[in-house]
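Contents: one structure, followed by commentary.
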There are 2 protein chains.
Amino acid sequence: MKLLEEKILNEGIIADGSILRVDTFLNHQVDVNLLKAMAEDAKEYFRNEEINKILTVEASGIAIATVFAQEFDVPLVFAKKSKAGNLGDEKYTTSVKSYTYKNEYEIAVAKKLIGKEDNVLIVDDFLAEGNAVYGLIDIVEKAEGNVSGICIAVEKGFQNGGRNLRADGYKLYSQSIIEKFEDGQIIFR
Amino acid sequence: MKLLEEKILNEGIIADGSILRVDTFLNHQVDVNLLKAMAEDAKEYFRNEEINKILTVEASGIAIATVFAQEFDVPLVFAKKSKAGNLGDEKYTTSVKSYTYKNEYEIAVAKKLIGKEDNVLIVDDFLAEGNAVYGLIDIVEKAEGNVSGICIAVEKGFQNGGRNLRADGYKLYSQSIIEKFEDGQIIFR
């Protein structure tokens, strides 16, 4: 998606050679007009899918997923990084490895919020190894729901998440795909 | 705000006598149409303020704050619960006590995202003791910005946050205020 790629080129910062910071418009400060354009673009891409729920995981995907929920006119559910049992016992949980923080954490969705009647669009800001997305897929499948599609703002094409999800047959749409970083520049696929 | 109060009465669940769960429409599943109505209501309330930034803290305030940012047509910034130094060194930080989880955590905003030119509306889902809001105020003040107002979806009127913020002179608007829980019922102020 051209508008998003331009924004990344203009405002994205490469840190430590391989970390892309998009914190002026996507995941710390948020440009809601950009999000609206991204949501319209995703709606067009998934126009043939009967999506009735948007699913993301806290925290940085929530802003994007909120605007997607408006555009698709469906509820948003964000999986919680569970602690203190605040959801009660009736929840689907799964374990997610964090590539950024080198740890593992649990995410959860209350059982009453997802079920076999749901056609879910999974939304997130970044796709690297795909661990968070596979965690969300696991929750949808435990709930016997259907993963209608996956929409990602920024895919790191040099990591394995995108390739694996496509190989597994999921309908993945990445609105930008970074092929590589070269001489401090961002090269899109 | 009547629509929000009705939603709380219809779908809110009182757990353990004093915890209000609004996870079907506000902070786990999210009703974006309700959020739009809340944003319009807040825009009307703060119509005389020259707000140029919405500030919240991850995670459960983000969805609300995103829709507020659309309505006010300004950027959203969400403070990060900092870890791994992912923001770099140039950040304002403060420490926040969690009433729910009985611990203390740090929140941070990158310095480049907030400054003395900013008139900030602080937005969050719940106000209890006010610790998160006071943390956000501390960050705005460290940045020499101006707190133009504070908008909260659900104030727990039987805790001290709202009283303290009003006593300190902040322009606080709580879209619903729970006076008490009585016989398993929610009584609004």
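The numbers here are math on the coordinates, done by the rules we state, and not lab data. Keep in mind that this is a model prediction, so the values were computed, not measured. Glycine gets a Cβ as well: all are built from the backbone with ideal geometry, and neighbour counts include every protein chain shown.
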Return the percentage of antiparallel bridges among DSSP beta bridges fully within chain B, rounded to the nearest 5 %.
-> 45
Label points 7 Å out from Cα along the Cβ direction at B:ARG163 and B:LYS36: separation in nm?
-> 3.9
Spatial separation of Cα centroids for the stretch B:8-54 and the stretch B:108-171, in angstrom | 16
Footprinting proxy, B:VAL57, A:VAL147: sorted fewest to most Cβ within 10 Å, the residues are A:VAL147, B:VAL57
Mind pulling the angle between the C-alpha long axis of helix B:32-45 and the longest principal axis of chain B? Nearest 10 degrees, somewhere in 0 to 90.
-> 70
Sequence-separation-based contact order of the stretch B:1-109, relative, with Cα cut under 8 Å and 6+ spacing, percent = 18
Chain A: angle of helix A:62-72 to the longest principal axis, Cα-based, in degrees nearest 10 = 70
What list do you get for B:ASP118, A:ASP73, B:ASP124 if you sort them by fewest beta carbons within 10 Å?
-> A:ASP73, B:ASP118, B:ASP124
Mind giving me the nanometre distance, one decimal, between the label points for B:PHE181 and A:SER95, set 7 Å out from Cα along Cα→Cβ?
-> 3.3
R0 of 22 Å, Cβ-Cβ distance B:LYS171-B:LEU3: FRET efficiency to nearest 0.05 | 0.50
Burial ordering of A:ILE8, B:ILE62, fewest other beta-carbon atoms within 10 Å first | A:ILE8, B:ILE62
Kirkwood hydrodynamic radius (Cα pairs, Å) of the stretch A:12-82?
-> 13.2
For chain B, which semi-axes, largest first and in whole Å, follow from the square roots of 5 times the eigenvalues of its Cα gyration tensor?
-> 26, 19, 15
How far apart are the A:LYS116 label points across copies, placing each 7 Å from Cα toward Cβ, in nm, shortest first?
-> 6.4
For the protein assembly as shown, the Cα convex hull volume per residue in Å³ comes to 132
With at most 16 neighbouring Cβ atoms within 10 Å, loop chymotrypsin sites (Phe, Trp or Tyr not before Pro) (DSSP) excluded, longest segment of chain A | A:1-98
Using Cα-only point scatterers and the Debye equation, what is log10 of I(q)/I(0) for the stretch B:106-173 at each q in 0.28 Å⁻¹, rounded to two decimals?
-> -1.30
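Return the subset of A:LYS142/A:LYS180; A:LYS97/B:LYS53; A:LYS116/B:LYS7; B:LYS36/B:LYS102 for which the Cα-Cα distance in this structure is over 27 Å, preserving the input order.
A:LYS142/A:LYS180; A:LYS97/B:LYS53; B:LYS36/B:LYS102
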For chain A, averaging the sequence separation of alpha carbon pairs under 8 Å that lie six or more residues apart and dividing by its residue count, the contact order in percent is 18
